[in-house]
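Each remark here refers to the structure printed beneath this line.
The values are calculated or read from the model by the stated rules, or taken from the named source; none is laboratory data. Quick caveat: nothing in here was measured; it's all calculated off a predicted structure. Every residue, glycine as well, gets a Cβ built from its backbone with ideal geometry; the counts of neighbours run over all protein chains shown.
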């Protein structure tokens, strides 16, 4: 049900300016990609698109390291307008298609967390993509080896894997297959405020980017079982890789227990034999003791049609993130709950619904921002008794508690800031309300769905704002 609510919330939140702009960019990229792919498959000449190719030497570009390949000097690292970059050789069969491919990749950077593309340069007759240098950022595998993953908080980790799944989902939505996702190709980028974000690299193998072949090699540890049989990849094989990468992050280990960066042919053969026999990259004993890993492992289905799409993976991780964010700090000593009779509790619950309705009417009348007084808040003693009585088995009482939070009828304790930081009050109330509304809905209360939708919409708007702020920073 919560997955459905998140979907409903996303639709209902489309009017939000930031999200509308984001969706417009996705739709634009989707349309451009579809058109370009149709043109590339047709015999009709592609319409001209301007492509600025920097011919070396050029003062904007400095080559810092090179490598001899087949008798030619190939640039490896350098600087582009003061930014550290790497050079990826473009082996495109038809150069007339390259401007369209470049345009698509540039648009990808507007909607997904991918390695940044800066320019095309030409040196000795060969063309290279100038890409963001990721050497200063650790891959998931490097972070696991050095112990850095162990220093990442559970909440930070949930945000990270949620954004990773969202990025894969976004690329799938516009028709791009990644094909090379692994614990080596996902980097951990630290932001100025100390948070971490994923960055997908190595997209030269992605379909519709620099090369369009389906036969590019992939780390067999992240290869879906069906890939060897059918000889090509799909969104569902990308999902297999995504889930495996998430398990690497959560367990701080490598698939099939093979830690080394490059595997030899005998190891690859052994892993493929295991895949043919139905073995998974991780076993149940590998995920024991991890809060989320067993659930993630359950998504790793050998049958591609039984795997959730990337969008569902992202939604499930978003729900896990919300649940974790609503949890309080270490438990406080138990507080004695006064003995209040069932009839009085029912009257109190009814009063909550009435007060919430009155407050909602005042909000519609333009009195939303009037300061609250002590009289506006519920009796804390009765409210504690109501929560104790609701437990996890009373739909009506749980609903009343959720409504009380959503209406702002509960006086927030000073310790709240330690749990929720500087989040707005309406966001804190929504986080506190969701567990009770979810329980009420599960128990069959008919009004819980609407309140759950409101709560998730509030949180989604808040998190979209944080993402936009990170992007601007």
- prompt: In segment 399-425, what residues are at pLDDT 90 or above and not in a loop (DSSP other than H, G, I, E, B)?
  reply: 399, 400, 401, 402, 403, 404, 405, 406
query: Counting only residues that are touching a helix residue (DSSP H, G or I) at 6+ places or on another chain (Cβ under 7 Å) and over 21 Å from residue 98 (Cβ atoms), which one in segment 112-140 is modelled with the lowest pLDDT?
result: 113
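Could you identify the single residue in 212, 189 that is surrounded by fewer than 20 Cβ atoms within 10 Å (Cβ to Cβ), within 26 Å of residue 120 (Cβ to Cβ) and at pLDDT 90 or above?
Result of the check over 212, 189: 189.
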- line: When restricted to 472, 375, the only residue within 26 Å of the chain's Cα centre (by Cα), at pLDDT below 85 and surrounded by fewer than 22 Cβ atoms within 10 Å (Cβ to Cβ) is 472
field: Test result for residue 262, farther than 24 Å from residue 150 by Cβ and surrounded by 21 or more Cβ atoms within 10 Å (Cβ to Cβ)
entry: no
- request: From (1) free of Cβ contacts under 8 Å to residues at least 24 places away in the same chain; (2) buried (at least 23 other Cβ atoms within 10 Å of the Cβ), pick out the condition that doesn't hold for residue 436.
  value: (1)
